[in-house]
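These notes are about the structure you will find just below.
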Amino acid sequence: MVISSDPRTHEVRDTLNQLKVRGKKLGVFSNDRAVGLGLVLSVMGLRSFFEYVETSESIGTEKPDPRVFEHILAHFQVEPNLVVYVGDDPVRDIEAAKKHGLRAIQYAVNADKYNEKWRNYKKRILHQPDATIHRFSELLDVLE
């Protein structure tokens, strides 16, 4: 299946659009190379939704390094408790965001279905997410 026509891509695009209509400022950070993230956003037709797009390659460090979250906060120039961080990795995303005072939503995809054996949702973490979603569109209910 082509990623641009995947139903999950449409769900993500529709959800991001609705969040923008609600006045949310959106950003994306990835522990990826800039070209990789740029390609994914372009193919999925998502780049225009984000005012902030950064990668570990571009800032020289990866999540869960505190500098990642300092960089995000510096861009948006708001208090940490006003930022909602959505991520799929319990340690690199949720634990790290919560340690920096951000609200955190775990996007728990079916790791077995997508053959992602590296993703471990059972790993014990000190800080629990504020919410867990299984479909991206559930963000609309969580962020009312």
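The values are calculated or read from the model by the stated rules, or taken from the named source; none is laboratory data. What you see is a predicted model; the values in this text were computed from it and never measured. Note that we place each Cβ from the backbone using ideal geometry, even for glycine, and neighbour counts take in every protein chain shown. All accessible areas refer to the heavy atoms of the entire protein, side chains included, with ligands and DNA or RNA removed. Shrake-Rupley method; radii C 1.70, N 1.55, O 1.52, S 1.80 Å.
Numerical summary
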{"quantity": "Residues Thr61 and Asp130, FRET efficiency given R0 of 25 Å [Cβ-Cβ distance, rounded to 0.05]", "calculated": "0.50"}
{"quantity": "Relative contact order, percent, the chain [alpha-carbon distance under 8 Å, six or more residues apart]", "calculated": "19"}
{"quantity": "Debye, to nearest 20: dipole size of the stretch 14-59, +1 on Lys, Arg Cβ, -1 on Asp, Glu Cβ", "calculated": "240"}
{"quantity": "Loop-located trypsin sites (Lys or Arg not before Pro) in the stretch 1-88, at most 10 other Cβ atoms within 10 Å (DSSP)", "calculated": "Arg22"}
{"quantity": "Under-5 Å amide H pairs with Val28, H placed in peptide plane, nonlocal only", "calculated": "Tyr52, Val53, Glu54"}
{"quantity": "Lysine pairs meeting the criterion (Cα under 22 Å, 8 or more apart or interchain), as found in the chain", "calculated": "15"}
{"quantity": "Prolate/oblate/rounded call for the stretch 59-99, Cα gyration tensor, a/c under 1.5 rounded", "calculated": "oblate"}
{"quantity": "Net lengthening on full extension, His10/Arg22 (0.36 nm per residue, minus Cα-Cα)", "calculated": "2.5 nm"}
{"quantity": "Which of Glu51, Glu11 is most accessible, then next, and so on - probe 1.4 Å", "calculated": "Glu51, Glu11"}
{"quantity": "Rounded, prolate or oblate (a/c below 1.5 giving rounded, otherwise prolate when a/b exceeds b/c) for the stretch 5-93 by Cα gyration tensor", "calculated": "oblate"}
{"quantity": "Computed [θ] at 222 nm, deg cm²/dmol, the chain (DSSP H ≥ 4; -39,500 (n - 2.57); rounded to nearest 500)", "calculated": "-9000 deg cm²/dmol"}
